Each structure stands twice: as C-alpha cells, then as structure tokens.
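The values are calculated or read from the model by the stated rules, or taken from the named source; none is laboratory data. Quick caveat: nothing in here was measured; it's all calculated off a predicted structure. Backbone-built Cβ (ideal geometry, glycine too); neighbour counts: all protein chains shown. Each accessible area value is taken on the protein alone, full model and side chains, heavy atoms only, with ligands, DNA and RNA left out. Shrake-Rupley method; radii C 1.70, N 1.55, O 1.52, S 1.80 Å.
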Amino acid sequence: MQQKIDANRDIFIQHGTNPNEIHHISVDAPFGEFERAIVQYLDRVSAQNLVVDITSMPQKMLFFLMKLLRNGYRNIDNTVVVYAEPDEYDRNALVANHEPWDALPGFRLQRDSTSDRKTVVAIGYDPMGLPEEVNSPEFNEGTTSFLFPFPAQPERVARNWRFIRQIFPNVESQRLDIKRVDGMNVPEIFDELCGLGGFGDVALTLAPFGPKPVSLAMALYASKFSTGECRTAVFYTHPLYKNPNYSIGLKIVDGVPRINCYCVRLGRSNLY
C-alpha cells in the first residue's frame, strides 16, 4: 500500500503540486485531523472553481466535505465532483477490520428522534459489520430499502446479491424493497432518495456501501435534509484496511477514459 501511495504522490509532484500541500493522515486518526486539514485548505484557497475527486475518498471525508461545501463557502462559484471508473475490482476480500456501526461526522442524531425511521442501504460488495445489525429495529425487510446498481457486469451483479444475502439470508427477493438505479447517475439516485424520503418529510438513515456516485447522491441528499424534525442520518462501518488492489486500472470506452463529472454548484447556486 505504501508503495502505491508514494507512486501517486510522485505523480502529483511531477505535475506541479507543492509537496508541502500533501497531508499525511492515517485512516484511523481522529476525524478532527481530517476536518482541520479540509477547513484550512478551503479557508485559504481563493479559486472560484473547485474540482473534487472522490474516486478513492473515504466516506467520512466525502460526506463531511459535501455538507461543508453545500452549506458554506459561498465564495466558490462552481463545484464539480469527478469519479474515475475502474477497469475491474479484485476478486479477493476488498476490506477488513471495520469500525463499529456509527454515524458519520456531521450526520449524528439521537436514535429516538423518530420511531418510524426508514433505512436505505446502497449495495456494494462487502457489508462489513452490517449483518451484525439485522436484529435492530433499523434493519428489517419492512423498513429497509436497497439501492441496487444496475445495469452492471454479471460478476458485479452476483457480488451485489451476495451482499444482500449476507444481511437477510432467508428472505425471498420479492419481499425486499429493491430499487434499481444506475450506479453512475447521480441525479437519478438523488431523485430516488427524494421519493423514499419525501423530500425530507420522511426520516431516513442512509448506509453508503455502494459505488462512490451513489455515496455522492446520498451525501447531497443528507446535506440538504440534515435539519428539521425528520433529520437525515448517515451510518457506516468504516474499514480500517483496504486491499491495495481494491480496484485495478481505468475503464476505457471507445479509447476514452471513463471519468464521470458531476456539477453540484453552478454560479454559486446549489444544484441539489
């Protein structure tokens, strides 16, 4: 892993990045270290246009940053989020040694805030500690919806179904509330969340285990509806270890790298 970090660091420096601008923070460090680095950077930059690459960004940073940018820093005119699609994923275990199920920074609320809270799980490849939560009121087939990325390659669909079976191994698929969404289409996913959450009128707990664009849509929704009586919560079991070959290569379509760009602020107006 360190070899890959060093190689990527060298690429940034070769393209003009000041080495002093690269922060080294351990994934298991207190979140305050990440928060200080992010806030100090945003307070210092004067650029009107901001590009945020979420391809390998941890969920804690992704959700915190999106909420920060949406609800503050009005000096930034335009914000574009980019995500590079991998060519493939390693077939071995992708993550290990996860943290306990807990709220992400900025999206915590009291568990008794509402008695009819609904959970929306973005389906990925590894539910980590999620199966351990199935006996809690938050996780039963009557109050849980799944965002299933489709269409997708057959082997990825199979891994997504294994994800569900690890949570509800004995439940028929017809009883599960599965919403099929394009895993790269942030507007479509955001609209699906608005339907599930009644544009903030229904209390939701979001669990971002799926593709990064799905996490982005969840972050934008939660940032918009994180206030009021039915506040949106975000819970996750953050992995402390990731396979160095978690994803391999860059997807190329017709000779063009598949890098998705999502405009989330235009002319100082939030688009979500």
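Take Ala84 and Gln3, extend 7 Å from each Cα along the Cα→Cβ direction, and tell me the distance between the two endpoints in nm.
For the pair Ala84/Gln3, the computed spacing is 1.9 nm.
With charges only on Cβ, +1 for K and R and -1 for D and E, what is the dipole size of region 155-272 about its Cα centre, in debye, rounded to 20?
420
Test of understanding: in a Gaussian network model of the chain with alpha carbons linked when under 10 Å, which of Ala47, Ala96, Ala219 would top the mean-square fluctuation ranking?
Ala47
With a ≥ b ≥ c the root eigenvalues of the C-alpha gyration tensor of region 1-121, is it rounded (a/c under 1.5), prolate (a/b larger than b/c) or oblate?
oblate
Based on DSSP loop calls and a cut-off of at most 15 other Cβ atoms within 10 Å, the longest stretch of the chain free of exposed GluC sites (Glu not before Pro) is what?
1-140
Using a 1.4 angstrom probe on the protein heavy atoms only, line up Trp161, Trp101 by accessible area, largest first.
Trp161, Trp101
Using a simple spin-label model with points 7 Å from Cα along the Cα→Cβ vector, what separation in nm is obtained for Thr55 and Ile248?
1.7
Given region 1-50 reduced to its alpha-carbon atoms as identical point scatterers, what log10 I(q)/I(0) does the Debye formula return at q = 0.13, 0.19, 0.24, 0.32 Å⁻¹?
-0.41, -0.83, -1.08, -1.12
Within 10 Å, at most 16 other Cβ atoms, and a DSSP state outside H, G, I, E, B define an exposed site. Report the longest part of the chain free of exposed trypsin sites (Lys or Arg not before Pro).
112-250
Using a 7 Å offset from Cα along Cα-Cβ at Glu99, what residues in region 219-240 end up with backbone N under 17 Å from the label point?
Hits in region 219-240 for Glu99 at 17 Å: 219, 233-240.
I want the local charge near Pro30. Using Cβ-Cβ distances under 12 Å, sum +1 for each Lys or Arg and -1 for each Asp or Glu among the other residues.
Net of charged neighbours comes to -1.
When the chain is fully extended, how far beyond the present Cα-Cα distance does Ser269 get from Asp10, taking 0.36 nm per residue of separation?
Residue separation times 0.36 nm, minus the Cα-Cα distance, leaves 89.7 nm.
About the Cα centre, and with charges only on the beta carbon of Lys, Arg (+1) and Asp, Glu (-1), how big is the dipole of the chain? Nearest 20 debye, please.
340
Pick from Met184, Met57, Met128: which residue has the top mean-square fluctuation in a GNM of the chain where Cα pairs under 10 Å get a spring?
Taking springs between Cα atoms under 10 Å, the residue moving most is Met57.
Evaluate the Debye formula for the chain with equal point scatterers sitting on the alpha carbons, no solvent, and hand back log10 of I(q)/I(0) at q = 0.07, 0.12, 0.14 Å⁻¹, in q order, two decimals.
-0.25, -0.77, -1.08
Which entries in Lys118/Lys242; Lys4/Lys60; Lys118/Lys224; Lys4/Lys67; Lys67/Lys251 show an alpha-carbon gap greater than 25 Å?
Lys118/Lys242; Lys4/Lys67; Lys67/Lys251
Along Cα→Cβ, 7 Å out, is where each label goes; now give me the distance between the ones at Leu176 and Asn71 in nm to one decimal.
With each label point 7 Å from Cα toward Cβ, the separation is 3.3 nm.
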